[in-house]
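Enquirer: One structure is given below, represented as structure tokens, and several questions about it will come after.
Read the figures in this text as sums done on the coordinates, not as results from a lab. If you're wondering where the values come from, they're calculated on a predicted model, not measured in any experiment. So basically every Cβ, Gly included, is an ideal-geometry build from the backbone, and we count neighbours across all protein chains shown.
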């Protein structure tokens, strides 16, 4: 499907439009320019233009960028500024005939920017439900529940009591082994979306646990009846058959054979089928036995192994069906109880804001609600559209996408669809693309962030056939370089650095004997070590002016390492630390989860109870006090020094109580020479800021 190059000045200001904006192509700049056009050309006021994005910080950034754009346009109209480096703004304002009236529009827009309708998606839904409570049927004074977890915990505990307290001890023990406790069951359910429209594939209703139990019990009775007749032969085969592997930990070692036989004796004597089969009894199943044969040996021909295998497999199907049924029942119970309890308490969660507005739009009064919202907002610009889910898209399409006089402008990059953990769905983007007329498909084709060499390298890398999984719906569109990044190129010994380098680890050297692939942990360590060595080389070149960005030497602030997981980040930081290279780790983790926070907790605990000597010792080995094991041992051997230090801890406590924590902390830092000591370490500056 061919897409036309996005032209911010020729772009239609009505209808459903889709703009694909790759990284660095000026997406925010273009949104601000479209906003300016809506004011100048459609004469819309700022509270009639809806701009939606995903985070509160992004809304503030957009508001600031839009305000700046309006101010720049006003400065040009009033002769205070000439936008020589902004050809789009120059072209737009060149066509203005009544400059005084246009300036008045911009002054009014700037004065009212605090009224501009720039929201997160959840914020927009909340505002619509509040402002149209009659049409939507939502409570007038609903409290926003930012964290549902405590309420979910109460509900899952209620479910656990209802579901497992009345059952047999065997079933209760099975549940405890599966999930541990209600919190464990809730953790398993956590990844599941809480929305009712989710479809289960295959349909779990077709796999009834009661029917599966009857099937397994029929086979269990046949096994019970056959066991006395076959026991001696089974014992002899398991102990002596040369075809069976004899690994004591995984197959038919002596102890495991004994456990299998005694376990089968227990099953044969049981009054009913067990929920949990005894240890190692699976060794009697033909399907298990087939995987534990030596070489190309054949299964022992005894019929009991096939008979037990039929029961073993049926029992496994029964347990899977039971597990799925519990999960479904718990999911349904949580969903229904959450809705009921929040309704009774007049509370709404973030997901309720979306589902509530969607339900209202689909209801009998949905048409009137759409008209009310459309009378308020003429156009909606949805930023980061690739991160929307089906529900969010359905809301905006119902309000803005079905009326050709309205405007629904969806701006995003499907290659950056990263929020699948919160429901974002690449298929939503594909559906929106199909719903948008071909004339409404636009692509931003100039990258202003990367160098020409980097743009060319990426184009070549992805220009191959079927470079994306969904190439038919989301083809790769090559971009051109804007040239700005080439003004300050990265030079190594005076020559441009390669834009893209791929490293292939040598499997022949790193793989274990007899293996064709490298073990994951070894590959991670090797890759991290190579990256650290390359960073050290580049920094050394920067220090002697051999590596430069423009006229400036390359420094640590110019380098970044991207990883996928916290574990990979830890491996990378350790590799850098081994080369005495300090690093800063950017993540979404709370500062309270850091090592510095843990150390601070140890110190504060010791100052709260300076007579608690074990706690004082814990505090002494933190960065604030800086003692190591040897120094701590020497201190413990000198009673006078130890008593003097405990007195110092009590003095810190008194300072805290009498003059406050800030004075106490500054006193401690000065007396213990914390700044000097930490700055002597490679990562000292970062740790000092964290402390």
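Enquirer: When the Kirkwood radius is taken over all Cα pairs of the range 143-345, what Stokes-Einstein diffusion coefficient follows at 10 °C and 1.306 mPa s, in µm²/s?
Expert: D = 81 µm²/s.
Enquirer: For the chain, find the longest principal axis of its Cα atoms and tell me its angle to the long axis of helix 121-131, 0 to 90°, nearest 10.
Expert: It works out to around 70 degrees.
Enquirer: How do the peptides 497-506, 455-464, 384-393 rank, highest first, by the average count of neighbouring beta carbon atoms within 10 Å per residue?
Expert: Ranked by mean Cβ neighbours within 10 Å, highest first: 384-393, 455-464, 497-506.
Enquirer: Convert 10 °C to kelvin, take the viscosity as 1.306 mPa s, use the Kirkwood radius over C-alpha pairs of the chain as Rh, and evaluate the Stokes-Einstein diffusion coefficient in µm²/s, rounded to a whole number.
Expert: Roughly 49 µm²/s, to the nearest whole number.
Enquirer: Classify the range 591-690 as rounded, prolate or oblate from the Cα gyration tensor: take a ≥ b ≥ c as the square roots of its eigenvalues, call it rounded if a/c is under 1.5, otherwise prolate when a/b beats b/c and oblate if not.
Expert: Oblate.
Enquirer: With axes computed from alpha carbons, what is the tilt in degrees of helix 639-659 against the longest principal axis of the chain, rounded to the nearest 10 within 0 to 90?
Expert: 50 degrees
Enquirer: Pairs of alpha-carbon atoms within less than 8 angstrom and 6+ residues apart define the contacts here; what relative contact order does the range 498-587 have, in percent?
Expert: Relative contact order comes out at 23 percent.
Enquirer: So how do 119, 35 line up by other beta-carbon neighbours within 10 Å, fewest first?
Expert: The fewest-first ordering by Cβ neighbours comes to 119, 35.
Enquirer: Taking the alpha-carbon centroid of each part, what is the distance from the range 1-41 to the range 282-309 in angstrom?
Expert: 66 Å
Enquirer: Based on the mean of other beta carbon atoms within 10 Å per residue, what is the order of 561-570, 44-53, most packed first?
Expert: 44-53, 561-570
Enquirer: Now, a different point. Could you list 86, 131 in order of exposure, starting from the residue whose Cβ has the fewest other Cβ atoms within 10 Å?
Expert: In increasing order of surrounding Cβ atoms, one gets 131, 86.
Enquirer: To test your reading of the geometry: what angle, between 0 and 90 degrees and rounded to tens, separates the Cα axis of helix 149-164 from the longest principal axis of the chain?
Expert: The angle comes out at about 30 degrees.
Enquirer: Relative contact order (percent) for the range 181-324, with alpha-carbon contacts under 8 angstrom and 6 or more residues of separation?
Expert: Relative contact order of the range 181-324: 32 percent.
Enquirer: Using Cα-only point scatterers and the Debye equation, what is log10 of I(q)/I(0) for the range 4-46 at each q in 0.25, 0.33 Å⁻¹, rounded to two decimals?
Expert: -0.98, -1.35
Enquirer: Hey, any idea what the orientation-averaged projected area of the convex hull of the range 4-115's Cα atoms comes to, in nm²?
Expert: Taking the Cα atoms of the range 4-115, their convex hull projects to 7.5 nm² on average.
Enquirer: Output the peptides 521-529, 375-383, 241-249 sorted from most to least packed, where packing is the average of other Cβ atoms within 10 Å over each peptide's residues.
Expert: 375-383, 521-529, 241-249
Enquirer: Remind me, relative contact order of the chain in percent, using alpha carbon pairs under 8 angstrom and six or more residues apart?
Expert: That works out to 16 percent.
Enquirer: Is the shape of the range 466-598 best called rounded, prolate or oblate, per the rule: a/c under 1.5 gives rounded, else a/b larger than b/c gives prolate, else oblate, with a ≥ b ≥ c the square roots of the Cα gyration tensor eigenvalues?
Expert: Rounded.
Enquirer: Measuring from centroid to centroid over Cα atoms, what is the spacing of the range 608-664 and the range 517-552 in Å?
Expert: 41 Å
Enquirer: Can you give the calculated 222 nm mean residue ellipticity of the chain, where each DSSP H run of n ≥ 4 adds -39,500 (n - 2.57) and the sum is split over every residue, rounded to the nearest 500 deg cm²/dmol?
Expert: Taking each H run of at least 4 residues, the total per residue is -17000 deg cm²/dmol.
Enquirer: Here's a follow-up. Sort out for me the Cα centre separation of the range 81-119 from the range 129-202, rounded to whole Å.
Expert: When both Cα centres are located, 50 Å separates them.
Enquirer: Would you kindly state how much longer the chain becomes between residue 641 and residue 359 on full extension, computed as 0.36 nm times their sequence separation minus their alpha carbon distance, in nm to one decimal?
Expert: 94.3 nm
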